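Beneath this line is the structure, given in structure tokens, with notes to follow.
The values are calculated or read from the model by the stated rules, or taken from the named source; none is laboratory data. Every value quoted in this text rests on a predicted model; they were computed, and no experiment measured them. In this analysis, Cβ positions are derived from the backbone assuming ideal geometry, glycine residues included, and neighbour counts consider all displayed protein chains. The area values use the complete protein model at the heavy-atom level, side chains included, leaving out ligands, DNA and RNA. Shrake-Rupley method; radii C 1.70, N 1.55, O 1.52, S 1.80 Å.
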Amino acid sequence: MTESTSKPAAESPPDPAAAFAELNRMLFAGSAGKLDAAQARPDLAQMMQLFTAGMAQDSERWLELNNRYYREHLALWQACANPSADSAAALPPPTDRRFRAPEWREPYYSYLAHSYLLSARWLEEMTAAAKLDAHAKHKLEFYTRQMIDALSPANYPWTNPEAIRLAAETDGKSLNRGLKNLAADIDKGLVSMTDETAFEVGRNLAITPGAVVYENDFMQLLQYDPLTGTVFERPLVMVPPCINKYYILDLQPDNSYVRHAVAAGHTVFMVSWRNMPAEMGHATWDDYLEHGVMRALTVAQDISGAAQVNALGFCVGGTLLACALAVMRARGEDPVASATFLTTMLDFSDTGELSVFIDEPYVAAREAEFAQGGVLKGRELALTFASLRANDLIWPYVVNNYLKGRTPEAFDLLYWNSDSTNLPGAMYKYYVRNTYLENNLRTPGKLTMCGVPVDLANVDMPAYLLAAREDHIVPWRTAYGSVPLLGGPLQFVLAASGHIAGVINPAARNKRNYWTNDRLPPEAEAWLEGAASQPGSWWPHWTAWLAQYGGARVAAPAAPGNARYPAIEPAPGRYVKARNT
């Protein structure tokens, strides 16, 4: 008997119909389970209750909209069933970016796209017509938009002609890759927005040289190496948001805000918040002030030998910084020469789209959930923020990754966006009740922190306030609400773009623009009317402002830390590398 020398049979191509069916099943199973958060899913029962209650207040308008929708849908049916020159002119290719590919011009798929867009407009108009109080109306609009976005025919394998064509061209291989991508994302609990294999913290992200010079259970403090022979005597302490990793401010050399500040002659210290484990679930807001912000300011003072430092806070990091400064001023301390607040809320009168999630039932449920400790999972927050822009941050990746079986492009900002951080439950519940829900921080003496009453008017050092005009997390008019609360001389600047892109706008790229106005009228709109548009990045404008408060130039430090605070490990440190699994 001779040994067989025949080659193994080639792997049979997958059955497209079976693969599509499995992909469809997993899409629904995933989106109903681990791929979204409770806060991100529309409460359909509540939505219908709000919808019917609102429309009952104006039945005449309800009938008008439904009659018009019926007529328009009938016309669409006629245009598709009896194509002619006239009807073709009445049914142009959809302009929505989801339906721009040539495949959507085929009669059946053209009908799907136009029917969907017609139904979406009907739902939006019905929602707009509902007579409800402001919060209920906001929730209804959000839930309606979530449902509209989710039901697009582009999102599902049987109704996306691009995915069907690609499956045919690849003998079903695109479907196999899509199933694997979907299974991997369901396992990790997030929709992949970037090629995560392209990045690594410490290798090509967060690589500005420096060292960890202090650490405790809440944060590590980094000190960056100088890039100039002399530096300002007052260092700059950066407080990033604790709900994300700090390296949004130090992505890559060409878009690193940290490197920009170091190159301008500042000795920069960075708070690197810990990704909190379950045993830290009892940590409080006061702990973050005492052991985080205030400790970082004190260590920077000690290492630099300066009586005062400059400080910067970004988003909730700015809220923490303002509270810490108010506490220290109430204690008679004056450690900060100037403060920079990037897209920060201190007055929470209008919290924009996030307000849809925050009401008394939500906060009470969270208080009960975290009564015995525990942590708020960073991925829950990440999914909540993504749901605010589902058509940008969820569904395009569902189509690309799962239906088409492709790997998303490498994008450093989206890698950071997926690198979430856990928060202590005790800290989180205090924060949402006293800021988002009750807006107590704006009232002098209403809150006691670290044993003293807090009054933001005592934050009386010069301050630079940056807002972003298209920011949906910190609306720029809300950021302007900090102006009457703070007690010192202020510079308010409005950047173009959104919450992140408005901040991370490197000077070397000379993109976008920003607005300045030295006058600070009571109303945000009045400020904008008198503002002048400036070309390019706001970074040089801020650098020139901060130089006024840097003090004398002194020799750059030869090494990070000092005898009391020696270097512990190279930047970026251990804390920032701890990823949620």
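Some observations on this one:
- Label point at Glu60 placed 7 Å out along Cα→Cβ; residues across the range 96-139 whose backbone nitrogen lies under 16 Å: 129-131
- Pairwise FRET efficiency - Arg105 versus Leu227, Cβ, R0 = 41 Å, nearest 0.05: 0.15
- For the range 531-542, the Karplus equation 6.51 cos²θ - 1.76 cosθ + 1.60, evaluated at θ = phi - 60°, returns couplings of 7, 10, 7, 10, x, x, 7, 7, 4, x, 4, 5 Hz by residue, with Gly and Pro reported as x.
- Taking only protein heavy atoms and a 1.4 Å probe, the accessible area of the chain is 54% carbon and sulfur.
- Cα centroid separation - the range 365-389 against the range 191-257, whole Å: 25 Å
- Given Lys377/Lys577; Lys139/Lys577; Lys245/Lys511, the pairs whose alpha carbons are separated by over 27 Å: Lys139/Lys577
- Whole-percent P(r), the range 114-177, all Cα pairs, 10 Å bins from 0: 20, 34, 21, 16, 8, 1.
- What the Cβ-Cβ distance of Arg406 and Asn82 gives, at R0 = 30 Å and to the nearest 0.05, is a FRET efficiency of 0.20.
- Near Leu376, the amide H atoms lying under 5 Å from its own belong to Leu423, Gly425; only residues 5 or more places off or on other chains count, and H is placed 1.01 Å from N.
- Nearest-10 value in Å² for the accessible area of Arg469, using the 1.4 Å probe: 100 Å²
- Excluding same-chain neighbours fewer than eight residues apart, the lysines reachable from Lys180 by a Cα-Cα span under 20 Å are Lys34, Lys188, Lys404.
- Evaluated over the range 434-564, the Cα radius of gyration and Dmax, each in Å: 17.5, 53
- Under the criterion of Cα pairs below 8 Å and six or more residues apart, the relative contact order for the chain equals 18 percent.
- Net charge contributed by nearby residues that have their C-beta within less than 9 Å of Ser537 (K/R +1, D/E -1): +3
- Across the range 109-120, rounded Karplus estimates of 3J(HN,Hα) from the backbone phi angles (6.51 cos²θ - 1.76 cosθ + 1.60, θ = phi - 60°) give 6, 4, 4, 4, 5, 5, 5, 4, 5, 5, 5, 5 Hz, Gly and Pro being marked x.
- Figure legend: label point modelled 7 angstrom from the Cα of Asp217 along Cα→Cβ; residues of the range 416-432 with amide N under 20 Å from it are 421-431.
- Taking the C-alpha atoms only, the angle from helix 59-81 to the longest principal axis of the chain is near 60 degrees.
- Per-residue accessible area (protein heavy atoms, 1.4 Å probe) orders Val554, Val493 as Val554, Val493, starting from the largest.
- Of the whole protein surface, Ser349 contributes about 80 Å² of accessible area at a 1.4 Å probe radius.
- At a probe radius of 1.4 angstrom, the accessible area of the range 230-282 per residue rounds to 24 square angstrom.
- Probe 1.4 Å - accessible area at Glu200, Å² to nearest ten: 100 Å²
- The order of Ile248, Ile303 by accessible area, most exposed first and with a 1.4 Å probe, is Ile303, Ile248.
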